[in-house]
Structures are given as structure tokens and as C-alpha cells.
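K.L.:
One structure is given below, represented as C-alpha cells, and several questions about it will come after.
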Amino acid sequence: MSKKSKQGKTINAAISVHPEMEGSISKFQMECLEDEVKTLPDIKDGEVEVNTDFFFQLGDKYEASIFIRNGLATGINLEKILFIVLGKNDEELGRKVFNLREVGEIPARSVRPWKIYFEKDELEVGGNDLKDLKIIFDSRLKAAGVVKVRYENLPGGIQGQERKKYEDFLENLPLLREGQVTMTAYDVHITEEGNIAVELVIRNGRHNGIDVERVPLSVYDANHKLVVSGVFYLEDVSISPISAKVYSFSFSKEEILREDFDLKKWTVGFMLNSNVN
């Protein structure tokens, strides 16, 4: 099954193994993969398809080897995808949602070999031979151009484990789509002076720089009670294309709305709370 943009010419999609697998695949294995890809139905420009290579029983699971083919002119990243397993007569045997973020970016006009697993009780195989099973994906495929950003302003003095915490935080944020701008709270804590400090990571997924002029923040405690809320107006704050920056904001203790708050756990909203004038 495929997701199509428009009918185009047939393309030749080259094998693209995951970077972490490149060193473990022999020349013979690569040749076998290439031969298998040649037997697949044609894929046209603008299509994204999944094709089943084989199913086999692996203990208490079924392992499915698939080919994800990208016929687009740009790389794609996949997220949560519903796969449907069909039998010999195209009857549905089961379905399961997979998070395919680990597949990584599939380059333009390429094929990514991958494996997925089903528990035995997730499929009603019945009298079907495993070689006759095939997988299709839900037509609501989420394929998007995703960009990876890097910090442009971490101080050189931040090194070792502290720097790794910032890097890991950025790496584990939800995928950033091309053109998207996001703000995410990294830390909230009380300073020695009794103020509340909020540290944000702002990501710019656009191919042009952006200016940040206004940041409305609301901080909630572990009991989801509003602790403080306000708007910060900024000057000369810009973020370069495909980059991320860390910014710190501070609420004075006079702005704090309650005394009985617990910041062991917190959430930050990016809208001015309506309870604040």
C-alpha cells in the first residue's frame, strides 16, 4: 500500500541501511537485499510504500522483514504508523501501531530494510502459511520532512555531564518538522533570592532566522496549581536557521501567586493564564 502525491515516472530506489547497521552487513548480504528489491513492484515518483520480505516465527513472536520505500524527492521520517497484516486472501489477521522513529531518516528515492515484531496473540494466523502474509500500512501515513537542530549558544564552560544533559534533552524532544518553531521548558527552580527561574529550549526548524519578541509563561506545580504567570518582552533575540537556543527567564518573588507550591514536579504553559490580570 502506498501514499501518493501524484502519478509520476517509475524510479529506481537504492538500498539505504540504517547507519548503525552499515558495519555489520556483509557485501553478500547487501547483494541479496539488492536482488530482493529488484523483485518488488515498481514505485513511482512521489510514492511511499511498504513491502513485505518475509515472516517467520521467533519463539513466542513473529518477526516481519519489510522494505520501506521512499519515492519522494526529499528524505522522510516516520513516526507512529498502523501496520495491518493480511492473509493469503487479503483477509485481515491483525493490526498494530509501531513507532518508527528509530528507523531514522530515509533518504530521497531509497529503500530502508527494517524488522518489526508481533506477539503471537496479536495475529490470528489460522491456516495461513507465514510466507503468504503481507503487511500494508494505514493510509494516514505520517511522513514528514524533519530537521535536526543544534545548540548555537551553549557556553563553552558547560562541559562533561552537564553539557550531555542539554544534548540528551535536545535529542529526545519530539521530532521537529521543517518550518516548525517550538518552545520547551528545560528546568524550573527557585533561586537563592526566592525568585523562580525558568530555562527554555527554543528550536527553529525554518531555513531562515527568527526573532523572538514575546514569551508568555505560566508555571504550574506538582498539584497542577498555578504558581506564577507573565509575559517577557525581548529585544535583539534571534535564532539562526535550523538551530536551538537556551534562554533563562526569572519571575521575582513578588510575582509568585501562592506560598504553598511544590516544584518537585512542574509544568510550563506558553500562554498567559486567564487568572492573571
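K.L.:
Rounded if a/c is under 1.5, else prolate if a/b beats b/c, else oblate: with a ≥ b ≥ c from the C-alpha gyration tensor eigenvalues square-rooted, which is the range 85-237?
P.N.:
The shape class here is prolate.
K.L.:
Can you list residues from other chains, or at least 5 along the same chain, whose modelled amide H is less than 5 Å from the amide H of residue 186?
P.N.:
Under 5 Å from the amide H of residue 186 lie the amide H atoms of 199, 200, 201, each far enough along the sequence or on another chain.
K.L.:
What angle, in degrees between 0 and 90 and rounded to the nearest 10, separates the Cα long axis of helix 160-171 from the longest principal axis of the Cα atoms of the chain?
P.N.:
Compared with the principal axis, the helix lies near 60 degrees.
K.L.:
Positive end of the charge dipole of the range 2-144 (Lys, Arg +1 and Asp, Glu -1 on Cβ, about the Cα centre): tell me which of 17, 56, 70 has its Cα farthest that way.
P.N.:
70
K.L.:
Could you size up the charge dipole of the range 2-144 around its Cα centre, putting +1 on the beta carbon of Lys and Arg and -1 on that of Asp and Glu, and report it in debye to the nearest 20?
P.N.:
The dipole of the range 2-144 has a size of about 620 debye.
K.L.:
Which value, in nm² and rounded to one decimal, describes the direction-averaged projected area of the C-alpha convex hull of the range 1-132?
P.N.:
8.6
K.L.:
Further question: With the calculation restricted to Cα positions, what are the radius of gyration and Dmax of the chain in angstrom?
P.N.:
Rg, Dmax (Cα atoms, Å): 24.4, 72.
K.L.:
Which whole number in µm²/s is D for the range 147-269 by Stokes-Einstein, with the Kirkwood Rh taken over Cα pairs at 10 °C and 1.306 mPa s?
P.N.:
It comes out at roughly 102 µm²/s.
K.L.:
Given the C-alpha atoms of the range 147-214, compute the convex hull and give its volume per residue in Å³.
P.N.:
Taking only Cα atoms, the range 147-214 has a hull volume of 121 Å³ per residue.
K.L.:
Next question, about the same structure. Summing Lys, Arg as +1 and Asp, Glu as -1, what charge do residues with Cβ under 12 Å from the Cβ of residue 75 carry, residue 75 excluded?
P.N.:
With Lys, Arg at +1 and Asp, Glu at -1, the neighbours total +1.
K.L.:
Sticking with this one: I'd like to know which of 186, 85, 243 lies farthest towards the positive end of the charge dipole of the chain, counting +1 on Cβ of Lys and Arg and -1 on Cβ of Asp and Glu.
P.N.:
Result: 85.
K.L.:
If we restrict to alpha carbons, what Rg and Dmax does the range 213-260 come to, in Å?
P.N.:
Radius of gyration, then largest Cα-Cα span, for the range 213-260: 13.7, 42 Å.
K.L.:
Roughly how tilted is helix 27-38, in degrees to the nearest 10 and between 0 and 90, from the longest Cα axis of the chain?
P.N.:
Helix 27-38 sits at roughly 80 degrees to that axis.
K.L.:
Turning to a different aspect of this structure: Longer than 24 Å from Cα to Cα, which of 27/80; 61/131; 44/120; 27/96; 96/120; 44/148 are they? Say none if no pair is.
P.N.:
27/80; 44/120; 27/96; 44/148
K.L.:
Tell me, what HN-Hα J-couplings in whole Hz come from the Karplus equation 6.51 cos²θ - 1.76 cosθ + 1.60 at θ = phi - 60° for each residue of the range 39-47, using x for Gly and Pro?
P.N.:
7, 6, x, 4, 10, 9, 4, x, 9
K.L.:
Using a 10 Å cut-off on Cβ atoms, rank the peptides 70-76, 36-42 from the highest mean neighbour count down.
P.N.:
For the peptides 70-76, 36-42, the packing ranking is 70-76, 36-42.
Quick note: the coordinates plus some simple rules give every number you see, no bench work behind them. What you are looking at is a predicted structure, and each value in this text was computed from that prediction instead of being measured. Here Cβ is always computed from backbone atoms with ideal geometry, including for glycine, and neighbour counts include all displayed protein chains.
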